[in-house]
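The values are calculated or read from the model by the stated rules, or taken from the named source; none is laboratory data. Model, not experiment: these values are computed from the prediction. Counting neighbours? That spans all protein chains shown, and the Cβs are built from the backbone with ideal geometry, glycine included.
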Amino acid sequence: MVSNSPLSRLRKANYNTLMADKKHILLDSTNQPVTILVRRDKRLKKSSRYTRQPDGSILLRIPYRLPKSQVGGLLDKIAVQLQKQAVLAERRTDLELQQRAGRINKRYFHGKIQWQAIRWVGNMDQRLGSCTNGGATDGHIRISARIKGWPDWVVDYVIAHELVHRLHPNHSQAFWDTLRSGYPLVERARGFIQGIGYDQGIRFDED
């Protein structure tokens, strides 16, 4: 008897949707290898999509029936896009902030988080920071310049908060579990932010 349960249908859908990933290696602007995983996906009909993974690799999802001859062209386009991102990151990155984020990543998150650029910005009033996942500015983190004078442990919290968004794009339970298990002063820093916001009549947004 053939099972037609919801679970059975889900398993069939997953089996039919995905094929084994094909691995390719590209060199970035600094001649460092970047792993590209090409995945055929039946949910895609015409367009292809790629996202950078937390480990720094790139997952390229392509239509299931896309000819092999067209894959090389897609890889070339990704290489060009990576070059553009590197140029943009070099222009936008604040060196001191980049070094600080690197120390936080190494100390609290075992160096596992990848990002492209991090910089101070002066156009965020209520938002303390933001992190872009996907698109031309994938991996770009912005920190509000208004917090430069805040205690170091609060600034480090805001940086850590945005770094963890590279692993978890929303404020899910997994996000908070990762942040709290890594950075030890989460609740203290959030209390400081709420307190200074109350004093200034501002509700700061932890994006």
Task: Near pairs, Cβ below 6 angstrom, 6+ apart or cross-chain, from the stretch 39-60 (more than 13 Å from residue 23 (Cβ to Cβ) and free of Cβ contacts under 8 Å to residues at least 60 places away in the same chain) to any residue that is assigned to a loop (DSSP other than H, G, I, E, B) and polar (S, T, N, Q) - done: 56/114
Open item on the list: Just to be sure I understand the filter: pairs with C-beta atoms under 9 Å, separated by 6 or more residues or on different chains, first member in the stretch 148-164 and farther than 17 Å from residue 194 by Cβ, second member at pLDDT below 95 and acidic (Asp, Glu). Which pairs pass?
Closed with: 162/207
Task: Index of the failed condition, residue 146 passing every other in (1) part of a helix (DSSP H, G or I); (2) modelled with pLDDT of 95 or more; (3) surrounded by 14 or more Cβ atoms within 10 Å (Cβ to Cβ) - done: (2)
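With respect to residue 106, determine if the residue is of a type outside the set (Gly, Ala, Ser), surrounded by fewer than 17 Cβ atoms within 10 Å (Cβ to Cβ) and without any contact (Cβ under 8 Å) to a residue 24 or more places away in the chain.
Values: of a type outside the set (Gly, Ala, Ser): yes; surrounded by fewer than 17 Cβ atoms within 10 Å (Cβ to Cβ): yes; without any contact (Cβ under 8 Å) to a residue 24 or more places away in the chain: yes.
Taking the combined requirement at face value, the residue satisfies it.
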- [ ] Determine which member of the set 48, 69, 57 is farther than 19 Å from residue 138 by Cα and hydroxyl-bearing (Ser, Thr, Tyr).
- [x] 69
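With touching a strand residue (DSSP E or B) at 6+ places or on another chain (Cβ under 7 Å) and either outside any loop (DSSP other than H, G, I, E, B) or within 28 Å of residue 52 (Cα to Cα) (or both) as the only criterion, which of 166, 190, 107 stands out? Lay out the reasoning, then the answer.
Numbers: 190 fails: touching a strand residue (DSSP E or B) at 6+ places or on another chain (Cβ under 7 Å); 107 fails: touching a strand residue (DSSP E or B) at 6+ places or on another chain (Cβ under 7 Å).
Selected residue: 166, the only one of 166, 190, 107 that is touching a strand residue (DSSP E or B) at 6+ places or on another chain (Cβ under 7 Å) and either outside any loop (DSSP other than H, G, I, E, B) or within 28 Å of residue 52 (Cα to Cα) (or both).
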Open item on the list: With in contact with a helix residue (DSSP H, G or I) (Cβ under 9 Å, 6 or more places away or on another chain) and either surrounded by 15 or more Cβ atoms within 10 Å (Cβ to Cβ) or modelled with pLDDT under 90 (or both) as the only criterion, which of 75, 128 stands out?
Closed with: 128
Open item on the list: Of the residues 47, 29, 69, only one is of a type in the set (S, T, N, Q) and modelled with pLDDT under 85; which?
Closed with: 29
TODO: Look at residue 86 and say whether it is under 18 Å from the mean Cα position of the chain (by Cα) and at pLDDT 95 or above.
DONE: no
Open item on the list: Let me confirm something: among 86, 136, 101, 160, which residue is of a type in the set (Gly, Ala, Ser), in a helix (DSSP H, G or I), out of contact with any His (no Cβ under 7 Å at 6 or more places or on another chain) and over 29 Å from residue 202 (Cβ atoms)?
Closed with: 86
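Of the residues 32, 70, 53, which is farther than 20 Å from residue 116 by Cβ, out of contact with any helix residue (DSSP H, G or I) (no Cβ under 9 Å at 6 or more places or on another chain) and not assigned by TED's automatic domain parsing to the domain that holds residue 133?
On the way: 32 fails: farther than 20 Å from residue 116 by Cβ; 53 fails: farther than 20 Å from residue 116 by Cβ.
Of the residues listed, the single one that is farther than 20 Å from residue 116 by Cβ, out of contact with any helix residue (DSSP H, G or I) (no Cβ under 9 Å at 6 or more places or on another chain) and not assigned by TED's automatic domain parsing to the domain that holds residue 133 is 70.
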TODO: For residue 193, state whether it is crowded, with 17+ Cβ neighbours inside 10 Å, under 19 Å from the mean Cα position of the chain (by Cα), on the phi < 0 side of the Ramachandran plot and not assigned by TED's automatic domain parsing to the domain that holds residue 55.
DONE: no
